[in-house]
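The structure appears right after this line, and notes come after that.
The values are calculated or read from the model by the stated rules, or taken from the named source; none is laboratory data. This one's a predicted model, so the numbers in the text were calculated from it and none came from an experiment. Cβ placement follows ideal geometry from the backbone for every residue including glycine, while neighbour counts extend to all protein chains displayed. Ligands, DNA and RNA are stripped out before the accessible areas are found, and what is left, the full protein with its side chains, is counted by its heavy atoms. Shrake-Rupley method; radii C 1.70, N 1.55, O 1.52, S 1.80 Å.
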Amino acid sequence: MSHLFRISLSLKEKLRLNGLKNLKRCSWCHPYSTEIAKAKIYVGNSGSDCIKVGNYKWRTRSLPVSKEDVQRQLVQVLQARVVQLSSSDGNIVHPSGIFHVGTNFHRKIDLFEKDYTISSFQGQLVPSQSGNILEYHFSSNDQLAETLDPYSKFLPEEYQDFRDEQEDSIGGTLEDKWAAELEQIGKEIHNINVGLVSNRGHDAEIQKKKTRKARSSSYSKTEVDKLGTESKTKNANVLSEETAKANASVTNKKKVNFSPEKQRKAVEHEKDMNAYKAHFFNHDLKCYVDVCVFVRKPELALKVIRGIRQKVWGKSTKEDETHIRKFLEITDVEIYNTLLHGLAKKGQIKTMQEAYNLMLKDKLMPTMQTYATFFECLGRRNPTEVEFGKQILAEMERKELDVREIFNVCKFANDETVYIQKGLEAIIPDYKRNPSPDVESYVGELVEPLNIPLPSKMMVEVNPSAGVLTDEELLAKFREQIQREALNKVSVKSVIETKKNQKMSHLYDSLVEEWKKVIRVSFEAKLKKQKAESSSFWTMSKYPYLLLFQQEDYVNIILEEALDLTKYSSQSPSTSYMYLMLGYTIYEKYIREKKFIRDTPHKLFEVYKSYLDKFADPCEQLVNHRVIWQKIAQDKNCAALMDIPEKRWSVLLMKSLGKFLYEIILKDLKIDANLLTKSPKKHLVPAFHILYRQDGVRLREQIKPHPHLVTLVQNQGSLMFPTTHLPMLVPPLPWTSVHQGGYLLNRIDIIRIIGHNTKQHEILNKTPLKKLNPVLDALNALSSCAWKINKPILDIMLELFRGKGNTDLDIPVPESESPKMPVINMEMSSYEKAKVYEKRKLLRKQNDEMKSRWYTELYRFSIANMFRDEIIWFPHNMDFRGRTYPIPPHFNHIGGDLARGMMVFAKGKPLGPNGLNWLKIHLVNLTGLKKRFSNDMRLAYANELMPEIIDSADFPLTGRKWWQKMEEPWQTLACCMEIVNAIRSPDATKYISHFPVHQDGTCNGLQHYAALGRDKIGAMSVNLAPLDSPQDVYSDVVQLVEEERKKDAADGNHIAQILEGYVERKIIKQTIMTTVYGVTKHGALLQILRQLKDLGNFPREYLFQASGYLTKKSFYCLSQMFTGAREIQEWFTDSARVISLICRQPVEWITPLNFPVLQGYCKPVIMKDRHYGYIDSLTKPDSLKQKNAFPPNFIHSLDSTHMMLTSLYCQRAGINFVSVHDCFWTHAGDVEVMNKVCREQFVSLYNQPVLENLSRYMVEKYCNSSSEPDPKKLKLIHSKVRPVLESVPQKRDFVLEDVLKSTYFFN
């Protein structure tokens, strides 16, 4: 067996080296500190002329000995300390803490090249690949181990024997011995550090001792004062003129630094910081109050509010007290409204009055929701205080609030509606609420025609959603889906069958039961401590967050989180992310619990049952899912109950809570290191540990599970997924607002947010719902499409996946098939060893990537196999630009060729007269051949290929395998099978096809640019104009680049001559495609460089120069072809630059469908406040990202708008429609209908003044006096910003209506 020693030095041993005691610290080293963490110090080389010892750099030129002497003596010390032994199966670390990955990462030591002897093993001392420790290799028949993991699944027998012998001789464990040694080393380190203090520091220490002695002596108070006065006088006289001048110079320097402009910026910065602090504080306080009310402890929330107000409005003038007043003010009336609801449930009318008075003192205006809480309280009390209720009504009248609108304006949960009604009827006997408002119709020129449904005769199908499952089947699936979401965990059987080891299963069960007990005890201790803190201080403690569920629920959540960590046995996300995810798990369960308390599942079933009746009725004209749902909910008086906006926990809050619970996982959960070995001794070690990995220039903290635990969990043979990671068994809930839609119980955000940017949620909440209805309905239309698994294709994929994989077909190979690491022989030279290390590094990277890919496909195949006999639906949401995505991440139709090949529509439709032809054309499109051929020529080519198509369908793995050579092999194979099934049916026109046919835009970004600028040449290049055959913009640009190359080659340009024969379509296709989306020249150079490398035969010495040359020529040729697009792109860039730099705001805009978009690219600032802890804030927009991202993001928002319009009008026409951004899918028999709608909506969209509307919106937002109160800055904005925003590029002469006649616009 091959083994690997990892060796670390204590600081004492480093300083014992001959000559090291006399080293002088580098002038640029870290500040001196005697607080050196013992057992975490490593040797590292941080430069060519200095060596790292401990936390400090030391000059090697000041060494009295040579580097060779130092390395020789280092080896002598290394022989005495072997702290880790690892094997090719894994590693073991001693709990003494000597080895701690990641602390003080430095470059690897390259001083050691010779062979040395350590203990009784012969081998070579080499630097670690990660550079933080030294490794000692000794060889045998197996390959050398190089893993950094500090655990071992199996201890080598030689080492175990050595341990037993040593432990018997010392009468204890080696770990105890090492711990004692470390303790002694720590003391000696301190003594060494004290000895290195300079004379000045030594004198200062002596002076401190004298001062302490003087203070402890028996001087009287008068004598002490006298001595102090004499000392001050003496010091004043000692000051020289030079000292005074120096002080004056410093003072003047400070004045220069704080110029008026800098003072203004400092004031603005402080103002922004306080504003963000206030925002986060009020947000977290609102969540805290909500949680206190949920656990029926509103008095805790009131206590915190009282404490806050005492801090804010108290009489203290201390600096720290003044500081917190700036952001501790309560500015959100919803905080008090939530508190009042909690007090109302307990009928505490007097306490409610106190809270109401506090709200008025905080200068907050009561709302309709505020007064509703008092009516609820009166309804719960018996007898009802009628006079008090009349006073509330009188106050509402003074504020012009109509009590009859209370149920239409406010949102109520649980039984609040019943008691409010009861309270109002006691005060107003004839009280009648106003009826609910009608469902609003569409507003806007683009969508107003949707208000008038088409006659059924003009529709392809009255209800395209019907005909998949019966009502009874849907209701049964509804109950199953509810049960899954209530548990929020689904076990999925892995497609890789493993034999379950019964012994390991028993060990696993025993470990789980033991951990439950440990977690339960630890959680109870933490709960008790938090309870004491909540009763002693006014701050927002975690106590109410630990009362949301039963203790056993918390135990199960923590246990599941711990077991889930085994998924990251090789490399895990950062600890910060893991903390956040655990906090989010608590939040999700909290939302589900609230829904159960409100009896939401019961109400949901009542509405959903009626909804399914219409959804599955083929005679019901289901043109708008949202409208039907809202009408049913209103009829059953539960619309408001199911559309209550939940209070979003902040990222910081979830991280804090997750970190708090992770302490149990990291500190209290142990595992027996000898669990899977022959050793009878029980040796408990932490089941998880923290390690650090290099991530660019930063260290990323990660959590590593013990290999024994990974082995036990993998033996279980199943995969666990949250419900939101899986498709649904029933149609998703329609999006009726930005708060409700998607899964039945699990909460899903309607938009995916970048980082901590929550402002877009705030903007969405403020946007009138009637403006967002078209966007919501487009999401509903996409989500209503039912899918099923293409089982023949899935079975072929599984056969390959369970075998040895096939990289040509994107089936990853298993880890057992990965190439073996080359072995290092002792006879190799240093150069040969370096080459082997380089190859090993490359192979390790490739193997890690392949392993990651293998697990990705394992999840995808396992989920697909689980749903192989089911009908499934994918709920959708959007990114911040409005682009739509299925919510389940592992398995959906938006994936690559593998995912798309295994999925078909659940609903089948007859091919009709032209459906088979569209299948054949689609097949040719999938092959990647005949790109510039007309549809008739593609159809003829498909007919020529019929022998290959039939062979591929009948013998996919044993025939001629024609399909495997295509661009999209799996979709090609699936299409071959569909065509063969159709032609073998009695009548191909009546064949029921489930296969989706795609229609792609031609370089869709350039199509949108050409339409915006009416650029005729550009429009013809991307098929906006009607032509006999499709244009290929990539080939056109390649032709222009080749012409430029020939000219330069004739003029003697050497690089142009080298590139002869290498200018191909695939070389610059990606650059052309991404240019429209803002790719930089450097990014384009890297793209072309990668393509040239892949050619294999291109001269490597000219790669960089050739890539730069082709980048320059590609950009030039594109600018010549798309002049209008270039002008518009430059206007976008200039606008974003002035907005972010001068206005200091992120770029915002409104899409033609009224969807608000905000670019959340800001520079994060982490502030630490003594009263509020760490605050992540978004203060200053990142101007570089803002200007680079605005052109592509705006175009993406337009292509999303076009897709949504197409979706809405296809639903109106009665056909199924699905999209993957600019790729539109439908049944083969409905392609002509979709193509017609697609072109009509593109023309309708760009008949709008899109650029003019954008300019008008930006001028109004960024150049308005109301948005910028500073007159000087407003003047600057009007002179620098407004002219840029108003300089809209002029349109050219392309006739937009020609798109309606373009066959190849989408093809």
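Evaluation of Lys614 against the conditions (1) touching a Phe, Trp or Tyr at 6+ places or on another chain (Cβ under 8 Å); (2) closer than 19 Å to Leu475 by Cβ; (3) among the charged types (D, E, K, R) shows that the sole unmet condition is (1).
All conditions in (1) touching a strand residue (DSSP E or B) at 6+ places or on another chain (Cβ under 6 Å); (2) open to solvent by less than 40 Å² (accessible area, probe 1.4 Å); (3) not hydroxyl-bearing (Ser, Thr, Tyr) hold for Val495, with the sole exception of (1). For region 578-595, a residue qualifies if it is closer than 16 Å to Gln483 by Cα and of a type in the set (A, V, I, L, M), and exactly one does: Ile591.
When Asp1222 is tested against (1) closer than 30 Å to Ala466 by Cβ; (2) open to solvent by less than 40 Å² (accessible area, probe 1.4 Å); (3) within 33 Å of the chain's Cα centre (by Cα), only condition (2) is not met. Any residue at all in region 394-402 that's within 47 Å of the chain's Cα centre (by Cα), under 23 Å from Ile335 (Cβ atoms) and assigned to a loop (DSSP other than H, G, I, E, B)? So far as region 394-402 goes, yes, one or more of its residues are within 47 Å of the chain's Cα centre (by Cα), under 23 Å from Ile335 (Cβ atoms) and assigned to a loop (DSSP other than H, G, I, E, B).
Okay, residues lined up against (1) under 22 Å from Gly1018 (Cα atoms); (2) open to solvent by less than 10 Å² (accessible area, probe 1.4 Å); (3) touching a residue at least 60 places away in the same chain (Cβ under 8 Å); (4) in contact with a Phe, Trp or Tyr (Cβ under 9 Å, 6 or more places away or on another chain):
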| position | (1), (2), (3), (4) |
| --- | --- |
| Lys1047 | no, no, no, no |
| Gln1070 | yes, no, no, no |
| Lys1081 | yes, no, no, yes |
| Asp1094 | no, no, no, no |
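Would you check if there is a residue in region 1119-1128 being under 17 Å from Leu1285 (Cα atoms), part of a strand (DSSP E or B) and touching a residue at least 24 places away in the same chain (Cβ under 8 Å)? Taking every residue of region 1119-1128 in turn, none turns out to be under 17 Å from Leu1285 (Cα atoms), part of a strand (DSSP E or B) and touching a residue at least 24 places away in the same chain (Cβ under 8 Å).
Put simply, of Glu397, Glu385 the only residue that is open to solvent by 70 Å² or more (accessible area, probe 1.4 Å), among the charged types (D, E, K, R) and at negative phi is Glu397. Scanning region 1020-1036 for any residue that is touching a Phe, Trp or Tyr at 6+ places or on another chain (Cβ under 9 Å), among the hydroxyl-bearing types (Ser, Thr, Tyr) and surrounded by 18 or more Cβ atoms within 10 Å (Cβ to Cβ) turns up at least one such residue.
Just for region 666-687: of the residues that are part of a helix (DSSP H, G or I) and out of contact with any helix residue (DSSP H, G or I) (no Cβ under 7 Å at 6 or more places or on another chain), which one is least open to solvent (accessible area, probe 1.4 Å)?
To start, the set of residues in region 666-687 that are part of a helix (DSSP H, G or I) comprises 666-668.
Narrowing further to those that are out of contact with any helix residue (DSSP H, G or I) (no Cβ under 7 Å at 6 or more places or on another chain): 666-667.
Working: Leu666: 39, Lys667: 135 Å².
Residue satisfying both the conditions and the ranking: Leu666.
Which one is farthest from the chain's Cα centre (by Cα) among residues in region 1271-1305 that are open to solvent by less than 30 Å² (accessible area, probe 1.4 Å) and closer than 30 Å to Asp936 by Cβ? Ranking the qualifying residues of region 1271-1305, first place goes to Phe1294. Residues in region 426-443 that are modelled with pLDDT of 85 or more and either under 37 Å from the mean Cα position of the chain (by Cα) or at positive phi (or both): Tyr442, Val443. Evaluate region 418-425: report whether one residue or more is exposed (fewer than 15 other Cβ atoms within 10 Å of the Cβ), among the hydrophobic types (A, V, I, L, M, F, W, C) and either touching a strand residue (DSSP E or B) at 6+ places or on another chain (Cβ under 9 Å) or modelled with pLDDT under 90 (or both). Yes.
How about region 1244-1300: which helices (runs of 4 or more DSSP H) wholly inside it have at least 3 residues that are closer than 21 Å to Leu1153 by Cα?
1250-1262
Between Lys759, Lys704, Lys770, the distinction of being open to solvent by less than 30 Å² (accessible area, probe 1.4 Å) and charged (D, E, K, R) belongs to Lys704 only. Apart from one condition, Leu1110 fits all of (1) touching a residue at least 12 places away in the same chain (Cβ under 8 Å); (2) open to solvent by 10 Å² or more (accessible area, probe 1.4 Å); the exception is (2). Is it the case that region 346-369 has a residue that's at pLDDT 90 or above, in a loop (DSSP other than H, G, I, E, B), among the hydroxyl-bearing types (Ser, Thr, Tyr) and out of contact with any Lys or Arg (no Cβ under 7 Å at 6 or more places or on another chain)? Yes; the residues of region 346-369 include at least one that is at pLDDT 90 or above, in a loop (DSSP other than H, G, I, E, B), among the hydroxyl-bearing types (Ser, Thr, Tyr) and out of contact with any Lys or Arg (no Cβ under 7 Å at 6 or more places or on another chain). Counting only helices (runs of 4 or more DSSP H) that fall entirely inside region 736-842 and contain at least 2 residues that are within 25 Å of the chain's Cα centre (by Cα), the qualifying elements are 759-766, 769-783.
Scanning region 441-451 finds no residues that are closer than 29 Å to Thr338 by Cα, in a loop (DSSP other than H, G, I, E, B) and either open to solvent by less than 40 Å² (accessible area, probe 1.4 Å) or not hydroxyl-bearing (Ser, Thr, Tyr) (or both).
Filtered by the rule that a residue be open to solvent by less than 40 Å² (accessible area, probe 1.4 Å) and of a type in the set (Gly, Ala, Ser), region 843-864 gives Ser862, Ala864.
Name the one entry in Lys517, Lys567 that is out of contact with any helix residue (DSSP H, G or I) (no Cβ under 7 Å at 6 or more places or on another chain), surrounded by fewer than 17 Cβ atoms within 10 Å (Cβ to Cβ), assigned to a helix (DSSP H, G or I) and at pLDDT below 85. Before you say what the answer is, go through the steps one by one.
Details: Lys517 fails: at pLDDT below 85.
Answer to the check: Lys567.
Of all residues in region 526-542, at least one satisfies being closer than 23 Å to Pro705 by Cβ and part of a helix (DSSP H, G or I).
Looking only at region 981-1002, decide whether some residue is buried (at least 18 other Cβ atoms within 10 Å of the Cβ), out of contact with any Phe, Trp or Tyr (no Cβ under 6 Å at 6 or more places or on another chain) and under 30 Å from Met1121 (Cβ atoms). For region 981-1002, residues buried (at least 18 other Cβ atoms within 10 Å of the Cβ), out of contact with any Phe, Trp or Tyr (no Cβ under 6 Å at 6 or more places or on another chain) and under 30 Å from Met1121 (Cβ atoms): present. Filtered by the rule that a residue be touching a Phe, Trp or Tyr at 6+ places or on another chain (Cβ under 9 Å), open to solvent by 20 Å² or more (accessible area, probe 1.4 Å) and more than 15 Å from Leu919 (Cα to Cα), region 957-980 gives a lone residue, Lys961. When you look at Glu663, is it open to solvent by 50 Å² or more (accessible area, probe 1.4 Å) and either of a type in the set (Ser, Thr, Tyr) or at pLDDT 90 or above (or both), yes or no? So Glu663 fits the description; yes.
Based on this model, can you work out whether Ser1135 counts as within 16 Å of Leu1254 (Cβ to Cβ) and either of a type outside the set (Ser, Thr, Tyr) or at pLDDT 85 or above (or both)? Yes; evaluated as a whole, the condition is true for this residue. Can you find, within region 1092-1112, the residue that is modelled with the lowest pLDDT among those that are more than 26 Å from Asn1193 (Cα to Cα) and among the polar types (S, T, N, Q)? Within region 1092-1112, the match that is modelled with the lowest pLDDT is Asn1097.
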